[in-house]
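Enquirer: What follows is a structure written as structure tokens; I'll ask about it next.
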Amino acid sequence: MADDLKELKIELSKNGIFTTTLEEVYNWGRKNSVWPLTFGLACCAIEMIATTMARYDLARFGAEVFRPSPRQADLIIVSGTVTKKMAPQVVRLYNQMPEPKYVIAMGACAISGGPFRDGYNVLKGIDRYIPVDVHIPGCPPRPEALIHAFMTLQKKIDEQSLRGADRPRHLHADLPSEFPVPAFGEHGLEPAQNTEVFLAEQGNPLSPQRASSPGTPTLRVIQ
Amino acid sequence: MPLPSPEDITARIEAGIPGATVTVIANGSPSAQRSLLLDHEHARAVAKFLRDHAELRLDFCSLVTGVDWPDTEVTEKVKVRKLVAGPDGAESEQEVDEVRKTKVPGYLEAVYHLFSMEMKHGPVVLRLRTANRADKTHLPSLTPVWRSAEFQEREAFDLYGIVFDGHPDLRRILMWDGFVDYPMRKDYVPPDDDILITGVKA
């Protein structure tokens, strides 16, 4: 929203007139009814379950309805170690979710492979195949961390602009909503990563705007 | 009833099954738990004997695991007498140190831990060794004797490449069918997937 419109809105509200925009109402509705997929992989899933229970009560954020079908879910919380044998199924579940859809990579394993990074059977981060919106470090992260990630995601949804070049992916007709499912190769997954997703830079609508500051990539890149 | 000693069990096996060779393997660790190395030909007969013997009754196979013993090179210094040219040019016989290197071929090993539910004793540890690590990696399967060995022998096949002859359903159990490596072997090198092959954008 342009600045002069924002000022006008504030001016009007001072005089008892409430105004809003379609974008605000739409995003407000979306961010308060993010339904996650019932999907857990390892010990992080136990923390995710704890987050939904009465003590931490994820229902306060409109996310109490875990959907057992990807076709009804808005969010996939990748909670735990993604093994190479499981990775194609995770990508397939993500592909089956309707847009707009979001991904939280929960815990050290989901974001990088974690303590099992050097194992022969562990995927070194789910962001090699699907675009991740929020990364949570921790092993496992506490429920508070997941709630913080959830609030970060809500903030991100709230800030999405419905028009303009930087509108989210689901409003770009020419951007993909499905990503290639890796295949089982002779030595590992093929390809080892979806380069377009993995290297997508900040501001690229294909990739989520990462919370971390742009720095030098820690991975070797062969030109 | 206490468990008989490994030597005692060996004597009973050799008396019960003519031709079976059983070697007691020492264990240098603090537990000093000794084990019995079986020959391939009689392994299944020995297993049946241990299971059905009235005093042993080893009716429960709790664990099967693979072990990889890679090829090693032993370096030793030996004193040899040979002709050596002295400072004056004259050759004389002297005692010289010589370094000798001998290659010890590796092998793959399957280890079985047996207990008796009926007699409440155990464990008895069995070992089976393959001829080498490359092409002769076959061992007799003990699944026909203990059903509980089925999945664990599949796991040893999957991760170490030990082929169990006589196994009812020998397939990979953890890795997918098209996988060709044996990831728990000492010389396994995981694929270097930190290198990004780009060309799209970087």
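FYI, it's all coordinate maths here, none of it is from the lab. Because the structure is a prediction, the values reported are computed rather than measured. Neighbour counts run over all protein chains shown; Cβ positions are idealised from the backbone, glycine included.
Enquirer: Evaluate 2.2 N^0.38 Å with N set to the residue count of the protein assembly as shown, then give the Cα radius of gyration divided by it.
Expert: Dividing the Cα radius of gyration by 2.2 N^0.38 Å gives 1.45.
Enquirer: Which values of log₁₀ I(q)/I(0), to two decimal places, follow from the Debye formula for the stretch A:123-196 at q = 0.22, 0.27 Å⁻¹ with a uniform point scatterer at every Cα?
Expert: Results for the stretch A:123-196 at q = 0.22, 0.27 Å⁻¹ read -1.07, -1.18.
Enquirer: Then there's this: If you take the Cα atoms of the stretch A:82-180, find Rg, then find the Kirkwood Rh from the mean of 1/r over all pairs, what is Rg/Rh? Don't skip to the end; give the middle numbers.
Expert: Values: Rg = 14.7 Å, Rh = 14.7 Å.
Here Rg/Rh amounts to 1.00.
Enquirer: Separate question: Report the local net charge at B:VAL111: Lys and Arg +1, Asp and Glu -1, summed over other residues whose C-beta lies under 11 Å from its C-beta. Kindly include the intermediate steps, with their values, before the conclusion.
Expert: Details: positive: B:ARG127, B:ARG129; negative: B:GLU109.
Neighbourhood net charge equals +1.
Enquirer: For the pair A:TRP35 and B:ALA32, how long in nm is the line joining their label points, each one 7 Å along Cα→Cβ?
Expert: 6.7
Enquirer: For peptide A:187-197, what's the mean number of Cβ atoms from other chains within 10 Å of each residue's Cβ?
Expert: 4
Enquirer: Right, another one. Arrange A:PHE198, B:PHE151, B:PHE157 by Cβ neighbour counts within 10 Å, fewest through most, would you? Write out the running numbers ahead of the final one.
Expert: On the way: A:PHE198 19, B:PHE151 13, B:PHE157 23.
By the 10 Å Cβ count, ascending, the order reads B:PHE151, A:PHE198, B:PHE157.
Enquirer: Using only the alpha carbons of chain B, determine the length spanned along each of the three principal axes and report them from longest to shortest in whole angstroms.
Expert: In descending order, the Cα extents are 80, 68, 31 Å.
Enquirer: Shifting gears a bit: Under Stokes-Einstein, with the Kirkwood radius over Cα pairs standing in for Rh, what whole-number D in µm²/s applies to the stretch A:4-91 at 10 °C and 1.306 mPa s?
Expert: 101
Enquirer: Note the count of lysine pairs whose C-alpha atoms are less than 22 angstrom apart in the stretch A:36-190, limited to pairs 8 or more residues apart or on different chains.
Expert: Step by step, the pairs that qualify in the stretch A:36-190 add up to 4.
Enquirer: Over 18 Å apart: what share of the alpha carbon pairs of the stretch A:91-139 falls there, rounded to a whole percent?
Expert: Counting pairs separated by more than 18 Å, the tail of P(r) holds 32 percent.
Enquirer: While we're looking at this one, here's another question. Report the longest stretch of chain A that contains none of the trypsin sites (Lys or Arg not before Pro) sitting in a DSSP loop with at most 12 other Cβ atoms within 10 Å.
Expert: Counting only loop sites that pass the neighbour cut-off, the longest clear stretch is A:56-162.
Enquirer: How big is the stretch B:43-127 in terms of Cα radius of gyration and Dmax, in angstroms?
Expert: 25.8, 80
Enquirer: Shifting gears a bit: As an exercise, identify the trypsin sites (Lys or Arg not before Pro) in the stretch B:95-170 lying in DSSP coil whose Cβ has no more than 15 other Cβ atoms within 10 Å.
Expert: Answer in residue order: B:LYS120, B:LYS136, B:ARG147.
Enquirer: Would you report the distance distribution of C-alpha pairs in chain A as whole percents per 5 angstrom bin, up to the bin with the largest distance?
Expert: 1, 6, 13, 18, 19, 16, 11, 7, 4, 2, 1, 1, 0, 0
Enquirer: Still on this structure, I have one more. Report the Cα centroid-to-centroid distance between the stretch B:49-83 and the stretch A:129-204 in angstrom, as an integer.
Expert: 51
Enquirer: Is the stretch B:86-202 best put as rounded, prolate or oblate by its Cα gyration tensor, with a ≥ b ≥ c the root eigenvalues, rounded for a/c under 1.5, and otherwise prolate when a/b is larger than b/c, oblate when not?
Expert: Oblate, because a/c is 1.5 or more while a/b does not exceed b/c.
Enquirer: Taking each residue in A:82-94, count the Cβ atoms of any other chain within 10 Å of its Cβ, then average. What number comes out?
Expert: Other-chain Cβ atoms within 10 Å of each residue's Cβ, averaged: 1.
Enquirer: Among A:CYS139, B:CYS61, which comes first, then next, by fewest other beta-carbon atoms within 10 Å?
Expert: On the way: A:CYS139 11, B:CYS61 25.
Ascending number of Cβ neighbours within 10 Å: A:CYS139, B:CYS61.
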